[in-house]
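In what follows, a structure is listed as structure tokens, so that the remarks can point back to it.
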Amino acid sequence: MSAATEAGVQPSLAPLADALGAACREPSPDELAALAIHGIRPRLVCVPQSVAEVSAALRVAGAAGLAIIPAGGLTQLGLGAPPRRSDVLLDLRALAAVVEYAPEDLTATVQAGMRLVDLRRLLAERGQFLPLNPPLPDDATVGGILATNAHGSWRARYGALRDLLIGSRVVHGDGLVSHSGGKVVKNVAGYDLNKAWVGSLGTLGVVVEATFKLQPLPAARGWSEAAFADVAAAVGAAGRLARAPLPYLGAELLTPRAAAAVGLAAEHLLVVEWGGPAAAVARCQREWPALAHAAEARRAGDRQAAPPTATWGSADEVVLRASLPLGHVVPLLAELESQWPAAGAVAQALTGTIRAAGPLELGPGAPLVRHLRGFATALGGWLVVERAPLALKEQVDVWGPPAGPLELMRRLKQAFDPAGIMNHGRFVGGL
Amino acid sequence: MDRRELVRELVAVVGQDGVLASDYDLLLYQYDGSIDTARPDVVVLPRSAEQVAAIVRLAGVHGVPVVARGAGTGLSGGCIPVAGGILLGFARMNRIVEIDLPDLRAVVEPGVVNLHLSQAVAHERLQYVPDPSSQKACTIGGNVGENAGGPHTLAYGVTTNHVLGLELVTAEGEIVQVGGRALDGPGYDLTGLLVGSEGTLGVVTKIIVRLAPLPEAVKTLLAVFESVRKASEAVSRIIGAGVVPAALEMMDAVTLRAVEEATHFGYPMDAGAVLIIELEGLREAIEEQAEQVGALCREVGVLDLRVARDDRERALLWKGRKEAFGALGRLCPEYYVMDGVVPRSKLPEVLDEITAIAERYGLRLANVFHAGDGNLHPLLMFDSDDPTAEQRVREAGAEVLRVCAAVGGSPTGEHGIGVEKRDLMPLFFDDADIEAMKRLKAVFDPDERFNPGKIFPTPGACGELKPRSVSVASLAGGGW
Ligand SMILES: Cc1cc2nc3c(=O)[nH]c(=O)nc-3n(C[C@H](O)[C@H](O)[C@H](O)COP(=O)(O)OP(=O)(O)OC[C@H]3O[C@@H](n4cnc5c(N)ncnc54)[C@H](O)[C@@H]3O)c2cc1C
């Protein structure tokens, strides 16, 4: 971005409005609340109707130095560092078509503005699904999920988006439209650029089309649960599960506060979801108590449904997300419980992802986040601030140290988004 | 380049016994498992990442390419130094650095042979899942280079799904870490970008992989069909019905005969094709799956459905499959293996077309492949004493890939583009797609130091294969 725009001189929106015509409008006062990020409001909202319009928008915006915020279902717009500017919110929800669904090949290609809930409905008609259970599927779009690498407990069985995305069509920050991968489930032709886009927070460009590897819906699903005296015992049970060749879809560990927050008894609770033929699920449920008691469960048994953890944490709470190597989950959870007792935590107990949510005051907040991050890093993991008020984000880096040389990431950003217009400054290291 | 000076400096880094520069030695390193060859200027066998970094810096000073080589079992010329330079052999960096049971991870050097890792954790009832048929020989570094697959990657994913972090020597000769033991490290997924990049973005010196539990029960079926067409219809039906076995492999009649001679398993000699169908999971689950699979096979008229009775029989069945290329090597002086992928529902028609192409070019054809993924390995047999054979093979191969392109497939499911298919890239990728890949290349390796001449089409190529002189490494009797 040029020095002039960094210095706060607002570039003209006219070139973009001219190029896209009716697809652009000034946001109404009503919608601004939903579109603003930490108070930074877009000056223009554009709703491209085609891939060509997305490309044109980015080309023109690059030349004019307009800061672009790509958006899907607005469920995770706040993720990341506060934007430096927001000239244009690029609303991708008009690109929501099914490009090709081949149930006989277990693959589907859809446009990125499609909502996950709509994709699920389509696939369920043929007994299939995209095996991903991220938060807020009713609003989240495919593109938004990809940009934020959203996932849930099913990752333990099926992997995450990096494992499920087999092809993509993208518009780079400078308008280049390219595709990589394809619609076959195994493919090593050229670089696997799909990987660049998953979790890149829209900082490289815009994903416009995605092809996924699908799965048949499990014939039966079932849940088991067990309560434990402390984190260590609960994680111990999860560890046994991770070593056992059982047909789990995923497992969640709730600390007492988290359990209470979703209306369950306040205890260390481990909930396992099974999926497969009915006989296999039944056997897992039957054998679960023995496994859990061997790990010193206080009680163990069946459960009727998943705990409602997907959307827990109220809007004014701070949410931290840590990823730990599986064998190092206990110390971090223990540290969380002792250092931030007001927070509850839910851990994907078979993959090592922990989300902690609770009230956090500004004064002690930043040092606490830094302390926990240092703790996670020393254990070989990471800790990011998933949700926090602006004031906290100003005091503590949202992302922490990147998982690789920042210089390589900077060059990647520069190569794909040379004008630096895409969600600029919101990602690791200010990228 | 002053070769003698380069050799002297390399000896200073790795010692006399780590540098090979005689004509004889260089000749041995001009091959991989494919049909292209080229000689390096010098072969270096480093023992540490620090040595690799020093070598890469030296290459920069001398302006010569650096090409990493694992076991050289690649089937697309990935480790062939087409522009000469330094060939980095990883035979001495073959330690399993750590088996981390609590985290279910292992850390290995790139020269570790694939199978050795699974063997090292088997007593814990764990495994490293990707199992290329060459797993007794190929290295995990080479698997990372090609993003290797294998029979069991149908259900559990290929190399990229099991690699979580890398230590890398960059073009600047720095040692850096990407990814890690934990998931979701902040920033771009550099690990994911590096896996499958065919040694063109950096040199991998350490790999963090996922370990997974071995299944409770395994059931291996051998389904016998009168024709390849029937067998591939069965594959389409199995996948279409939403059954995803752990492995689903096909061998045609030509392959069967060769394999039977080598293993004496008792494969049916009058069959047109067989499927090896492996089901894994809880006992209850696989019983149910076996019934489903059996019913689907009967729908297309399976001739016989056998179940491996015990571990010994199962091992023998797999030995036949995994050593099939070697067995076929006995039938002909040379062969050429392709690696196209098609949507699984298109298998029957595509296999018919491939048969027709082979006939048109007067070439003997064998099919042994990962049918459940739609990943074909048509194998064209030839004799390079026949002056027209090689050209016919290359043209037939290009036609096969055109068929794959026409049904929305890929030129390669696991062997990589390498030199072999670089000029066919335009059949599958347009200029913008290639431009995107060039952007990535420039991020990691702006001076094109690493493995030049791979992946990208040569200028002016537009889906045509240029004749090249070939000499062939026959894999016959190669112990695979
Ligand atoms: C009989 C037979 C059966 C096969 N079956 C399969 C199969 O089922 N599935 C499958 O996927 N493949 C298969 N292959 C192909 C081959 O075995 C794989 O591609 C394998 O991954 C290559 O490993 P390698 O150690 O031999 O690597 P090489 O051939 O030596 O190198 C492969 C590529 O990796 C790069 N590379 C190697 N080491 C490094 C490093 N340290 N850093 C960076 N880049 C590096 C090289 O530069 C090259 O581009 C088979 C081959 C044969 C001969």
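Each helix, a run of at least 4 DSSP H residues, gives -39500 (n - 2.57); summed and divided by the residues of chain B, these come to -10000 deg cm²/dmol at 222 nm. Shape of the range B:217-326 from its Cα gyration tensor (a ≥ b ≥ c, root eigenvalues): rounded if a/c is under 1.5, otherwise prolate when a/b > b/c, or oblate? Oblate, because a/c is 1.5 or more while a/b does not exceed b/c.
With the Cα gyration tensor of the range B:32-90 giving a ≥ b ≥ c as the square roots of its eigenvalues, does the rule (a/c under 1.5 for rounded; else a/b larger than b/c for prolate; else oblate) give rounded, prolate or oblate? Oblate is the answer for the range B:32-90, as a/c is 1.5 or above yet b/c matches or exceeds a/b. Spin-label pair B:D352-B:E291: with each label point 7 Å from Cα along the Cα-Cβ axis, the two points sit 3.4 nm from one another. Contact order for chain B, expressed relative to its length and based on alpha carbon pairs under 8 Å spaced 6+ residues apart, stands at 16 percent. Checking the cross-link pairs A:K183/A:K393; A:K186/A:K393; A:K413/B:K346; A:K186/B:K230 against a 32 Å limit on the alpha carbon distance flags A:K183/A:K393; A:K186/A:K393; A:K413/B:K346 as lying beyond it.
Label zone (B:V97, point 7 Å along Cα-to-C-beta; backbone nitrogen cut-off 17 Å) within the range B:132-165: B:140-145, B:163-165.
Accessible area per residue for the protein assembly as shown is 34 Å², calculated with a 1.4 Å probe on protein heavy atoms, without ligands, DNA or RNA. Annotation: extensible slack from B:R298 through B:T458 equals 52.8 nm (criterion: 0.36 nm per residue apart, minus Cα-Cα distance). With R₀ set to 45 Å, the beta-carbon distance separating B:K319 from B:R8 gives a calculated FRET efficiency near 0.45. Of B:E9, B:E288, B:E198, the order by accessible heavy-atom surface (1.4 Å probe, DNA, RNA and ligands excluded), from most exposed downward, is B:E288, B:E9, B:E198. Please work out whether the range A:225-348 counts as rounded, prolate or oblate from its C-alpha gyration tensor, where a ≥ b ≥ c are the square roots of the eigenvalues and a/c under 1.5 means rounded, while otherwise a/b larger than b/c means prolate and anything else oblate? Prolate, since a/c reaches 1.5 and a/b exceeds b/c. With both residues required to sit in the range A:1-116, DSSP beta bridges show an antiparallel share near 50%. Distance from the Cα centroid of the range A:39-81 to that of the range A:181-209 is 20 Å (rounded to whole angstrom). A straight Cα-to-Cα reach below 16 Å connects B:K421 with the lysines B:K454, B:K466, residues fewer than 8 places away in its own chain not being considered. Rounded to the nearest 10 degrees, the angle from helix A:278-294 to the longest Cα principal axis of chain A is 70 degrees. Short-range pairs are left out: with C-alpha atoms under 8 Å and at least six residues apart, the relative contact order of the range B:217-326 is 45 percent. Could you tell me which residue out of A:L74, B:V368, B:V169 lies farthest along the dipole of the protein assembly as shown toward its positive end? Charges go on the beta carbon: Lys and Arg +1, Asp and Glu -1, centred on the Cα centre. Working it through, the farthest residue towards the positive pole turns out to be A:L74.
Given R0 = 35 Å, the distance between the Cβ atoms of A:S28 and A:E361 translates into a calculated FRET efficiency of 0.50. The modelled label-to-label distance for the pair A:E394/B:E172, using points 7 Å beyond Cα in the direction of Cβ, is 3.4 nm. Helix B:283-299 and the longest principal axis of the Cα set of chain B meet at an angle near 70°. Taking Cα centre as origin and charging only the Cβ of basic (Lys, Arg, +1) and acidic (Asp, Glu, -1) residues, the dipole magnitude of the range B:3-89 rounds to 140 debye. Using C-alpha pairs below 8 Å separated by at least 6 residues, the relative contact order for chain A is 16 percent.
The residue list B:A234, B:L27, B:G187 was ranked by how far each Cα lies along the charge dipole of chain B toward its positive end, using unit charges on Cβ atoms, and B:L27 comes out on top. Placing +1 on the Cβ of every Lys and Arg and -1 on the Cβ of every Asp and Glu, with no other charges, gives the range A:100-214 a dipole of roughly 300 debye about its Cα centre. The residue among B:H62, A:P401, B:P452 whose Cα reaches farthest toward the positive pole of the charge dipole of the protein assembly as shown, with charges on the beta-carbon of Lys, Arg, Asp and Glu, is A:P401.
Here the spin labels are modelled as points 7 Å beyond Cα on the Cα-Cβ line, and at A:S12 and A:Q304 they lie 6.4 nm apart. The alpha-carbon of B:K219 sits under 21 angstrom from the alpha-carbons of these lysines, leaving out residues fewer than 8 places away in its chain: B:K319, B:K322. Seen from B:G78, the other residues with C-beta closer than 13 Å to its C-beta sum to a net charge of -3, counting Lys and Arg as +1 and Asp and Glu as -1.
Taking each residue as 0.36 nm, the span from A:A260 to A:A294 lengthens on full extension beyond its C-alpha to C-alpha distance by 9.7 nm.
Each DSSP beta bridge with both residues in the range B:332-426 is either parallel or antiparallel, and the antiparallel ones are about 90%. Size descriptor for chain A, Kirkwood hydrodynamic radius: 22.6 Å (Cα pairs only, one decimal).
The angle between the Cα long axis of helix B:253-263 and the longest principal axis of the Cα atoms of chain B comes to about 80 degrees, rounded to the nearest 10. Volume per residue for chain B equals 145 cubic angstrom (convex hull of Cα atoms).
Using a 1.4 angstrom probe on protein heavy atoms only, the contact between B and A buries about 6400 square angstrom of accessible area, both sides summed. Ranked from largest to smallest solvent-accessible area, with a 1.4 Å probe on the protein heavy atoms, A:R25, A:R121, B:R312 come out as B:R312, A:R121, A:R25. Over all Cα atoms in the range B:332-426, the spread is summed up by Rg and Dmax: 12.5, 39 Å.
Placing +1 on the Cβ of every Lys and Arg and -1 on the Cβ of every Asp and Glu, with no other charges, gives chain A a dipole of roughly 740 debye about its Cα centre.
Within the shell defined by Cβ-Cβ distances under 9 Å, the residues around A:V272 carry a net charge of -2, with Lys and Arg each +1 and Asp and Glu each -1. By the Cβ distance rule (another cysteine Cβ under 4.7 Å), the unpaired cysteines of chain A are A:C284. Counted by Cβ distance under 10 Å from A:L95, the other residues give a net charge of -2, where Lys and Arg count +1 and Asp and Glu count -1.
The values are calculated or read from the model by the stated rules, or taken from the named source; none is laboratory data. Everything quoted here is computed from the prediction, not taken from an experiment. Quick reminder, even Gly has a Cβ in these numbers, built from the backbone with ideal geometry, and neighbours come from all protein chains shown. Ligands, DNA and RNA are stripped out before the accessible areas are found, and what is left, the full protein with its side chains, is counted by its heavy atoms. Shrake-Rupley method; radii C 1.70, N 1.55, O 1.52, S 1.80 Å.
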